[in-house]
Amino acid sequence: MQLIISQAMLMYAVNLIFKAADKRNSLAILANLKLVLSPERLTLLASDLEVELQAEVALPAGACQQAGQITVPANKFKEIIKLLPENAQVSIGVTDNKQCQIVFADSQFRLNTLPAEDFPLIGAPEAATSVALSRETLLDLLDKTHFAMAIQDARYYLTGMLVELKDGLLTAVATDGHRLALARAATMQTSAETLSAILPRKAVLELQRLLSEMRRSSPNIDNAITLNIGREFVQVMLPFGQSEKAADNTQTPVVVTFTARLIDGKFPDYRRVIPTNTDKVARFSQEALANILRRVSVLSNEKLRGVVFEFGDSERVRIRTSNAEHDEASAVLPIRYQGAPMEISFNVAYLLDVLNVLQGDIDMHMQQANGSVLIRQVNDSQHDYVIMPMRI
């Protein structure tokens, strides 16, 4: 294997897939990147057997001097390439004793390798259902819901995100048992197909990162993205352009293939959690409420993070908190309220997570102090947020 490639092009591709490499796995080769070189393209792969990222870089004529494949330590390879000048032409080859040799000017590096044929691949989804959305639509589904996924839970299916297709509508749902976030979006095709799949947490965050990078690199292009969802895997093709820092400023395509293993489990019926018979509604300014919550929460209990809402009249709410040291904080916020007087308590972190993805005026639909609360942005029927109250 022998390759001449620009530092900017190689660094861009490595950055896109690097986080999928698993440095803690007992299978040593998963801490490596796999490089496969052909006359037309360089393919880089990283995997932890749950998420696999593959980047294909189209090569100019003469870049491939000898086809081949190797695996290299992901961390060391990335750091070496990162520290080379952006306008550098880097030579990458394999020595007679199977080491990867990286050469730039008077600098030379040699890395131990593992056999490329031993690198495990996830594979492609079987009997897949294809769902097409715009990049911005898919990114909105993930951005508006990912925060509600559980981080660790014996109910392993709560550590992922449900994606559900029905009547041409794709719904994303995440919950940790204390709060729930839901977002809906119309797909780009009309289909009678239905599906239900649970994406693992790492897959959601990696896909979100890649879509955000696509937006950053091509803000004026809203790519069409197709999710291919099978029984065990989901796969997505993501087209990227050349790094903005490339010396020649050309647009060399980099195509990333994202593949993830789905969670095998039954997601709870989220529809039963969303309250419907609410008789109390409070309308807030998202910005004003978020600012007050950040201020008063300074004196909230460090463990419980509780705040109390006192709804007494139709034009204002009193928000208060205290802690074990008997410190207290309170503030009064103008609102529009319909319903009987009531006190209700929340974990302030859960409320702020919801407010951070909303804007403008929001409505809080309530029934009783110990009942779940529905939060919606005014004139937005595509996003629902449910928070369970707490006892203080």
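When we screen Val317, Val378 for residues that are hydrophobic (A, V, I, L, M, F, W, C), modelled with pLDDT of 95 or more and either assigned by the TED database to the domain that holds Leu170 or over 30 Å from Ala185 (Cα atoms) (or both), the only hit is Val317. If we scan the stretch 112-121, do we find a residue that is at pLDDT 95 or above and within 29 Å of Arg305 (Cβ to Cβ)? No, every residue in the stretch 112-121 fails to be at pLDDT 95 or above and within 29 Å of Arg305 (Cβ to Cβ).
Taking into account only those residues within the stretch 270-288 that are open to solvent by 50 Å² or more (accessible area, probe 1.4 Å) and in contact with a strand residue (DSSP E or B) (Cβ under 6 Å, 6 or more places away or on another chain), which is nearest to Gly160 (Cα to Cα)? It comes out as Val273. Only one entry of Leu53, Leu42, Leu37, Leu33 meets the criterion of being open to solvent by less than 20 Å² (accessible area, probe 1.4 Å), touching a strand residue (DSSP E or B) at 6+ places or on another chain (Cβ under 7 Å) and in contact (Cβ under 8 Å) with a residue 60 or more places away in the chain, and that entry is Leu53. Criterion applied to Leu210, Leu227 was being under 12 Å from Leu138 (Cα atoms) and assigned to a helix (DSSP H, G or I), and the one residue passing it is Leu210. For the stretch 192-221, what are the residues that are without any contact (Cβ under 8 Å) to a residue 60 or more places away in the chain and of a type in the set (S, T, N, Q)? Across the stretch 192-221, the qualifying residues are Thr194, Ser217, Ser218, Asn220. Against the definition (charged (D, E, K, R), outside any strand (DSSP E or B) and over 27 Å from the mean Cα position of the chain (by Cα)), how does Glu325 come out, yes or no? So Glu325 passes the test. Filtered by the rule that a residue be under 14 Å from Leu35 (Cα atoms) and either crowded, with 18+ Cβ neighbours inside 10 Å or modelled with pLDDT under 95 (or both), the stretch 87-98 gives Ile92, Gly93, Val94, Lys98. Of everything in the stretch 167-200 that is out of contact with any strand residue (DSSP E or B) (no Cβ under 6 Å at 6 or more places or on another chain) and among the charged types (D, E, K, R), the residue that is modelled with the lowest pLDDT is Asp167.
Checked against the criterion of being over 23 Å from the mean Cα position of the chain (by Cα) and under 30 Å from Leu227 (Cβ atoms), the candidates Arg283, Arg271, Arg261 yield just one match: Arg271.
The set of residues from the stretch 344-392 being part of a helix (DSSP H, G or I), open to solvent by 30 Å² or more (accessible area, probe 1.4 Å) and of a type in the set (A, V, I, L, M) comprises just one member, Ala349.
For Leu30, the criteria (1) in contact with an Asp or Glu (Cβ under 8 Å, 6 or more places away or on another chain); (2) at pLDDT 95 or above; (3) closer than 26 Å to Ala61 by Cα hold in every case but one, which is (3). Just checking, which of Ala172, Ala224, Ala154 is open to solvent by 60 Å² or more (accessible area, probe 1.4 Å), of a type in the set (A, V, I, L, M), free of Cβ contacts under 8 Å to residues at least 40 places away in the same chain and not assigned by the TED database to the domain that holds Leu351? Being open to solvent by 60 Å² or more (accessible area, probe 1.4 Å), of a type in the set (A, V, I, L, M), free of Cβ contacts under 8 Å to residues at least 40 places away in the same chain and not assigned by the TED database to the domain that holds Leu351 holds for just one of Ala172, Ala224, Ala154, which is Ala154. On the stretch given as the stretch 127-151, residues that are assigned to a strand (DSSP E or B) and either open to solvent by less than 40 Å² (accessible area, probe 1.4 Å) or of a type in the set (Asp, Glu) (or both) total 5.
The values are calculated or read from the model by the stated rules, or taken from the named source; none is laboratory data. Fair warning: this is a prediction, and the values are worked out from it, not measured in the lab. When we count neighbours, we look across all protein chains shown, and the Cβ atoms used for this are built from the backbone with ideal geometry, even at glycine. SASA here: full protein model, heavy atoms, side chains in, ligands and nucleic acids out. Shrake-Rupley method; radii C 1.70, N 1.55, O 1.52, S 1.80 Å.
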